Amino acid sequence: MFAAIPVRLSRKETCHIQVLILCLTTLGSFAALFAAAKLIGHKQIAQLDFFDYITGITIGSIAAEMATELEQPWKPLIAILLYGGITLLLSVAANKFPKTRRYFYGMPVILMDHGKLYRENLKKAKLDLSEFLVLCRQQGYFDLTDIQTAIFEYNGRLSILPVSTQRPTTPADLELSPPQELTFTELIMDGQILDGNLKSMGFDLAWLEKQLQRHHIHSAKEVFLAACDQNQKLVIFPYGSGKGEKT
């Protein structure tokens, strides 16, 4: 009986050591992935920040391992919790201390300004000239002389400010004051009336049925999508036609 006590204690100490090693290896892998993502550059993580990228590629693989780990499933579970906790803490730190954002997320890089391409900044962004041209074409700019400033954002996307003569004309340029457009709320989706949305807009079923009859629609089941704004501007997409009808 007494001989079993040291064994139990040693097992307990071994368990604590295993947890400590797991925490250290998780922290180390997080740091290694962060460094690798920084080294690869922002284009690898387009539309994601570093932490979303790291968490996304690791938690999925850890969860898969957890599903097949029958002997010690608590190990991958702790790793998942640690990854989530680290990401949350760093996100809070970045919001609380704005100066740390440049280290965690990186900074936007000006690739082109006033007709001048910055070769060194292209290298910093891990982009070659052909990749930069592809990003410009994806934005609809096939002629670089139409670009005033091109900025490579920390999320891997390219923001372009066109030269003033190439930007789209706005109503303000023509001294016009068009009415403000309002957001639309869905009232019918897949033939089902959304009662909550209908009430929040201040309408009732009688009003909706009247609007449908004006379009020669006898039932909501004939409607694929119907949406309306506060000005009672209703757009209806019946099944089969695919074309929207406005009132």
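Results for (1) β-branched (Val, Ile, Thr); (2) in contact with a Phe, Trp or Tyr (Cβ under 6 Å, 6 or more places away or on another chain), shown as yes or no for each residue.
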| site | (1), (2) |
| --- | --- |
| Ala125 | no, yes |
| Asp128 | no, no |
| Thr169 | yes, no |
| Glu175 | no, no |
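Only one residue in Gly156, Gly196, Gly240 is under 29 Å from the mean Cα position of the chain (by Cα) and at pLDDT below 90, so which one is that? Reasoning before the result, please.
Numbers: Gly196 fails: at pLDDT below 90; Gly240 fails: under 29 Å from the mean Cα position of the chain (by Cα).
Among Gly156, Gly196, Gly240, only Gly156 is under 29 Å from the mean Cα position of the chain (by Cα) and at pLDDT below 90.
The rows are residues; the columns are (1) under 22 Å from the mean Cα position of the chain (by Cα); (2) of a type outside the set (Gly, Ala, Ser); (3) closer than 30 Å to Glu209 by Cβ.
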site: Leu144; (1), (2), (3): no, yes, no
site: Ile147; (1), (2), (3): no, yes, no
site: Arg167; (1), (2), (3): no, yes, no
site: Thr170; (1), (2), (3): no, yes, no
site: Ser177; (1), (2), (3): no, no, no
site: Gln180; (1), (2), (3): no, yes, yes
site: Thr183; (1), (2), (3): yes, yes, yes
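Looking at the range 133-149, can you tell me whether even one residue there is modelled with pLDDT under 80 and open to solvent by less than 50 Å² (accessible area, probe 1.4 Å)?
Step one: of the range 133-149, the residues modelled with pLDDT under 80 are none.
Within the range 133-149, none of the residues are modelled with pLDDT under 80 and open to solvent by less than 50 Å² (accessible area, probe 1.4 Å).
Can you find even one residue in the range 163-183 that is open to solvent by less than 90 Å² (accessible area, probe 1.4 Å) and outside any loop (DSSP other than H, G, I, E, B)?
Scanning the range 163-183 turns up no residue that is open to solvent by less than 90 Å² (accessible area, probe 1.4 Å) and outside any loop (DSSP other than H, G, I, E, B).
Give the residue that is most open to solvent (accessible area, probe 1.4 Å), with candidates limited to residues of the range 50-95 that are of a type in the set (Phe, Trp, Tyr) and modelled with pLDDT under 65.
Within the range 50-95, the subset of a type in the set (Phe, Trp, Tyr) is 50-51, 53, 74, 83.
After this cut, where a residue has to be modelled with pLDDT under 65 as well, the list is 50-51, 53.
Values: Phe50: 1, Phe51: 5, Tyr53: 41 Å².
The residue in question is Tyr53.
The values are calculated or read from the model by the stated rules, or taken from the named source; none is laboratory data. Being a predicted model, the structure only gives us computed values, none of them experimental. Positions of Cβ are generated from backbone atoms using ideal geometry, with glycine treated the same way; all protein chains shown enter the neighbour counts. With ligands, DNA and RNA removed, areas are computed over all heavy atoms of the protein, side chains included. Shrake-Rupley method; radii C 1.70, N 1.55, O 1.52, S 1.80 Å.
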